[in-house]
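These notes concern the structure reproduced below.
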Amino acid sequence: MSELNIAIVGHIDHGKSTLLGRLLFDTDNISKSKKEGLNIDVVDNINFAYLLDSFEQEQKQGKTINSMRVAVDINNRSCIFFDVPGHAEYIDRMITSISKVDYALIVIDVLQGIQEQTIHHLNILSLFEVRNITVVINKMDRINCSKEQFSEIEKQINKICKELRINIDNIIPISAQKGINVVKNQNLCKWYTGLSVIESLISMKIEKETSRSDFVFSVQDIYEISGVKYIAGKVLSGSMDKGSDEVLNIINKEKYKIINIKNNSGDCINEINRGDLALVQLNDEANVKRGDILMDGSDIVYSTKKISLDIVWTGDEKYDESKQYYVNVATQAASCQIVLQKELYINKNRKNKDKGNLFKGIVALDNKIAVSKYDELDELGTVTILNKGTIVAIGIVSK
């Protein structure tokens, strides 16, 4: 079964939780016990959003706070939805979800049109290289499926996405509450002859990047087992065999041979692959430390004391050029100064605050770290920026 990770985003109350709940209900992807707890005498009266807003605080406040992961299995495709909070104060949770997805579903209320938060979401999707989306125009039943109002929003969203280099696969008129064009194309909008939401998602052919062959290993710690030192870490890319060619420590430029490999259970193995946690024995481990990056000499990773970033500010405090900040990249850490060079997006609804704003900036580091462009290797292309131990921004290595 193929899997598609999808962020579902939209302005507050535009209906994304209702749409997800309706998708679960109409595709029979909710449990029998939960279904029995619903009053389904009149299906259209069900509060579909509450199928998702299972947290007490969310139900009391009437809004989605947590980024929830919801699976909808249809035919031979498993659609994994990340229901992203629409509120700007939950920008950190929004980023966590968007960084995991291949695709996005944008929900727009036809009565309210494209709001500032919608544009904000689209900017963040573009920042994290999510380049393909489906747009749904919701609550079409409330305007008798007016083609004129639909077409006006269609024109606006096409313009915005073109500027952000985002491709729109389908723009679909729906009513999430009534289930119109959610699973099947229904005749409310007689002028619309395209796909339903589910049909659109099933038909998508997402070209996921194949695993790179470049071997990259992030050092997490050094252990001694029966008098032998082992390097503990994670394979970020590629694979490596015991006794293969030399690996390069990109930080200090030393080269080593891998002479033994153990898995987490302590068993000796011959090969490690992307995603594996392992213990490796080197012929000379004296100068290896936590944060070092071992690799096979490819050029996707480089060490530097200056990084160009696209930055989304997530902290409540404003950016201060005079402050010393800290960065984490994988297991690496360094103190730094940040210079913001250009505004990419400023949230007009949050005056005198940087939270949610997007910038281009330069990070000057006190010591070298290894990085990669985000689209080459996301784990070394994502920079966490902290102040006094609190995350205040996320940066994407742009070049």
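Observations on the structure shown:
- Cys145 fulfils the conditions (1) out of contact with any Cys (no Cβ under 9 Å at 6 or more places or on another chain); (2) farther than 20 Å from Val84 by Cα; (3) crowded, with 19+ Cβ neighbours inside 10 Å except for a single criterion, (1).
- First in region 155-177 and on the phi < 0 side of the Ramachandran plot, second anywhere and charged (D, E, K, R) and assigned to a helix (DSSP H, G or I), Cβ under 6 Å, 6 or more apart: Ile171/Glu154; Ser175/Asp141; Ala176/Arg22
- Among the residues of region 281-337, those that are touching a Phe, Trp or Tyr at 6+ places or on another chain (Cβ under 8 Å) and surrounded by fewer than 15 Cβ atoms within 10 Å (Cβ to Cβ) comprise Asn283, Asp284, Ser335, Gln337.
- Filter result for Asn287 (of a type in the set (S, T, N, Q) and in contact (Cβ under 8 Å) with a residue 40 or more places away in the chain): no
- Test: residue in region 340-356 that is outside the structural domain of Leu125 (by TED's automatic domain parsing), aliphatic (A, V, I, L, M), modelled with pLDDT under 90 and assigned to a loop (DSSP other than H, G, I, E, B): yes
- Checked against (1) surrounded by fewer than 17 Cβ atoms within 10 Å (Cβ to Cβ); (2) modelled with pLDDT of 90 or more; (3) assigned by TED's automatic domain parsing to the domain that holds Asp109, Val197 passes all but condition (1).
- Single residue of Asp53, Asp44, Asp83 found to be among the charged types (D, E, K, R), buried (at least 21 other Cβ atoms within 10 Å of the Cβ) and modelled with pLDDT under 75: Asp53
- In region 254-277, residue surrounded by the most Cβ atoms within 10 Å (Cβ to Cβ) [restricted to those that are aliphatic (A, V, I, L, M) and under 16 Å from Ser244 (Cα atoms)]: Ile272
- Residue match in region 364-379 (condition: within 19 Å of Leu122 (Cα to Cα) and within 19 Å of the chain's Cα centre (by Cα)): yes
- When residues of region 99-142 are limited to those that are basic (Lys, Arg) and over 14 Å from Ser175 (Cα atoms), the one modelled with the lowest pLDDT: Lys100
The values are calculated or read from the model by the stated rules, or taken from the named source; none is laboratory data. A quick note: this is a predicted structure, and the numbers were derived from the prediction, not measured. For neighbour counting, all protein chains shown are included, and Cβ atoms are generated from backbone atoms with ideal geometry for every residue, glycine included.
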